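The structure under discussion appears below in the form of structure tokens.
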Amino acid sequence: MPPEKHVPDPATRKLTAPQHPLLQHKLSLMRDVQTGVKEFRELAAEVSLLLAYEAMRDLETEPQTLSTPIATAQFPMLSGKKLALVAILRAGLIMTESVVRLVPAAKVGHIGMYRDPETLQPVAYYSKLPADISERRVFLTDPMLATGGSAVAAIGTLKAAGAVSIKLMSILAVPEGIKRVHDAYPDVEIVTAAIDAGLNDHGYIVPGLGDAGDRIYGTK
Ligand code: PRP
Ligand code: URA
């Protein structure tokens, strides 16, 4: 199979698929069926950091006066809304655990959801979100945006809790999932490392990387 294209639709404003070689290289290693649990987990954490770098590109800063050992001057510091990282369990957990090291003051929420293997419908089993989520910029994490059912349900949970600013960080996405999220929530920006061709009969991303949760936790 030839290498898949990673070209985001330029007409879709709310979609970012960074083409950085480091990101693409690490994602290719994640795809490799020979990559074991330890390395897969490490790669998922590293890819999440690179995605966060892109997803947080528009965070506000304001100048603050600081003194270096040499001089006093104004330097940019983060300002604006505080952040919340929200993981869709299980697989999104590794992403929030990695990204919180970049933004240690962020609050972290969890939405428990799994996809029924027969119906491919999301089944929600848990939700614990920051009480002040309406005042925060929310970064929702899930490595796989496949049918989009889980992401749409999770975004619905966030909106019901009052969230108004939501970005979805995924490692792999397909056009079906992107469309489903944007049809339901056009305001939600998606940041993904790659856009694959589509889904197979079992709802798995092709060529994809397999079952993200199983590969992170070694459960298969
Ligand atoms: C995976 C993945 C997403 C979902 C994507 O989770 O992490 O949450 O599937 O599929 P969708 O876009 O078609 O909804 P899974 O159901 O395997 O749960 P797990 O993370 O607990 O293993
Ligand atoms: N969930 C996964 O973990 N992998 C896929 O390819 C699709 C959904």
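Rounded to the nearest whole Hz, the Karplus-based 3J(HN,Hα) values (6.51 cos²θ - 1.76 cosθ + 1.60, θ = phi - 60°) of the stretch 210-218 follow the sequence x, 8, 4, x, 5, 6, 6, 9, x, with x at glycine and proline. For the chain, modelled as a GNM whose springs connect Cα atoms under 10 angstrom apart, the maximal fluctuation among 85, 145, 29 occurs at 29. In the stretch 35-81, the ratio of gyration radius to Kirkwood radius, Rg to Rh, stands at 1.27 when only Cα atoms are counted.
Hey, if you put +1 on the Cβ of every Lys and Arg and -1 on every Asp and Glu Cβ in the stretch 80-134, which of 94, 112, 122 ends up farthest toward the positive end of that dipole? Final value for the positive-end residue is 94. Total lysine pairs in the chain at Cα distances under 21 Å, for residues eight or more apart or on different chains: 25. Over the stretch 168-212, the pair-distance histogram of Cα-Cα distances with 5 Å bins from zero comes to 5, 22, 32, 24, 12, 4 percent, rounded to whole numbers. Histogrammed with a bin width of 10 Å, the alpha carbon distances of the stretch 142-195 distribute as 28, 61, 12 percent, first bin at zero. Plainly put, the stretch 118-220 has a radius of gyration that is 0.97 times its Kirkwood radius, both from alpha-carbon atoms, as the Rg/Rh ratio. Since only 139, 156, 202 are under comparison, the one whose Cα sits farthest along the positive direction of the charge dipole of the stretch 107-205, derived from C-beta charges on Lys, Arg, Asp and Glu, is 139. Annotation: amide H of residue 90 within the under-5 Å range of 113, sequence separation 5 or more or interchain, hydrogens built in the peptide plane.
Residue-wise HN-Hα couplings along the stretch 81-87, as the Karplus relation 6.51 cos²θ - 1.76 cosθ + 1.60 with θ = phi - 60° gives them from phi, are 4, 6, 10, 9, 9, 10, 9 Hz; Gly and Pro carry x. Relative to the Cα centre, the charge distribution of the chain, modelled as +1 at Lys and Arg Cβ and -1 at Asp and Glu Cβ, gives a dipole magnitude of about 400 debye. The ellipsoid equivalent to the alpha-carbon distribution of the stretch 87-153 has semi-axes of 23, 13, 10 angstrom, derived from the gyration tensor eigenvalues as √(5λ) and listed largest first. Convex hull volume per residue, computed on the Cα atoms of the chain, equals 142 Å³. Computed from the C-alpha gyration tensor, the three semi-axes of the ellipsoid equivalent to the stretch 33-129 are 35, 18, 10 Å, from longest to shortest.
Rounded to the nearest 20 debye, the dipole magnitude of the stretch 99-220 is 460 debye, with +1 charges on Lys and Arg beta carbons, -1 on Asp and Glu beta carbons, and the Cα centre as origin. Here's how it looks for residue 198: its modeled amide H is under 5 Å from those of 206, which are all 5 or more places away or on a different chain.
Read-outs throughout are calculated quantities, based only on the coordinates presented, and are distinct from any laboratory measurement. Everything numeric in this text was worked out from a predicted model, so none of it was measured. Here Cβ is always computed from backbone atoms with ideal geometry, including for glycine, and neighbour counts include all displayed protein chains.
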